[in-house]
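S.K.: Mind having a look at this structure? Questions to follow.
Bear in mind these aren't lab numbers, they're just calculated from the coordinates by the rules spelled out. Computed from a prediction, not measured in an experiment: that's the story for all the values here. Heads up, the Cβs are rebuilt from the backbone with ideal geometry, glycines too, and the neighbour counts pull from every protein chain shown.
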Amino acid sequence: MAAGLNVPGFKTQQNVPRMTPERRSSPRVSGQTSIVLSDANADFTAKMHNLSTSGVCCMVDKFIAPMSKLTIQFGLSLNSHSASIRCIGVVVRVESRMTSLEHGSYDVAIFFTELLAKDRNVIAQFVHRRLSQKTAPESFE
């Protein structure tokens, strides 16, 4: 493949096509906030890294197996009001991250499988607003 070709579905860097297709279909925003994840056994807190209408990436202190079904709860600030989002998602990626010799954590990507249309619209508005800002705040709240 010659340099400089624009291949649909592939990200390019410096006009050289990458062989890894971009799988994200929704824009995402980065930031930090706490969210609550629940599985069949317990509730636990995670630190959200980024958010889109398709899903969320967060850091957790315990291993969660891929394809695990989770309930996700978090809040977003929209103009003069706050919205509380509660939905269901499936873990699609888990990456180990060593924070110290005694303690590890995991970056977990969760795909939303059950998200009300009104909540998807709230997330879409939030993402659009954040992307249109010149400097995005560090927190989702």
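S.K.: Using modelled amide H (1.01 Å from N, peptide plane; none on Pro or chain starts), what sits under 5 Å from the amide H of SER68, excluding residues fewer than 5 places away?
M.R.: Residues meeting the criterion, in which the H sits 1.01 Å from N, are VAL91.
S.K.: Also: Ordered by residue, what ³J(HN,Hα) values in Hz, to whole numbers, does segment 124-132 give under the Karplus form 6.51 cos²θ - 1.76 cosθ + 1.60, where θ = phi - 60° and Gly and Pro are x?
M.R.: My calculation for segment 124-132 gives 4, 4, 4, 4, 4, 4, 5, 5, 7 Hz in order.
S.K.: Take segment 26-132, compute every pairwise Cα distance, and split them into 10 Å bins from 0; I just need the percent in each bin.
M.R.: 15, 50, 28, 7, 0
S.K.: Convert each backbone phi in segment 40-47 into a coupling constant with the Karplus relation 6.51 cos²θ - 1.76 cosθ + 1.60 (shift: θ = phi - 60°), then list the ³J(HN,Hα) values in order as whole Hz, x for Gly and Pro.
M.R.: My calculation for segment 40-47 gives 5, 9, 6, 9, 8, 8, 10, 10 Hz in order.
S.K.: Another question, then. With θ set to phi - 60°, apply the Karplus curve 6.51 cos²θ - 1.76 cosθ + 1.60 along segment 65-76 and write out the HN-Hα couplings as whole Hz, x wherever there is a Gly or Pro.
M.R.: Result, ordered by residue: 5, x, 6, 5, 8, 10, 9, 10, 9, 7, x, 10 Hz.
S.K.: Can you sort CYS58, CYS87 from fewest to most other Cβ atoms within 10 Å of each residue's own Cβ?
M.R.: So the residues, fewest neighbours to most, are CYS87, CYS58.
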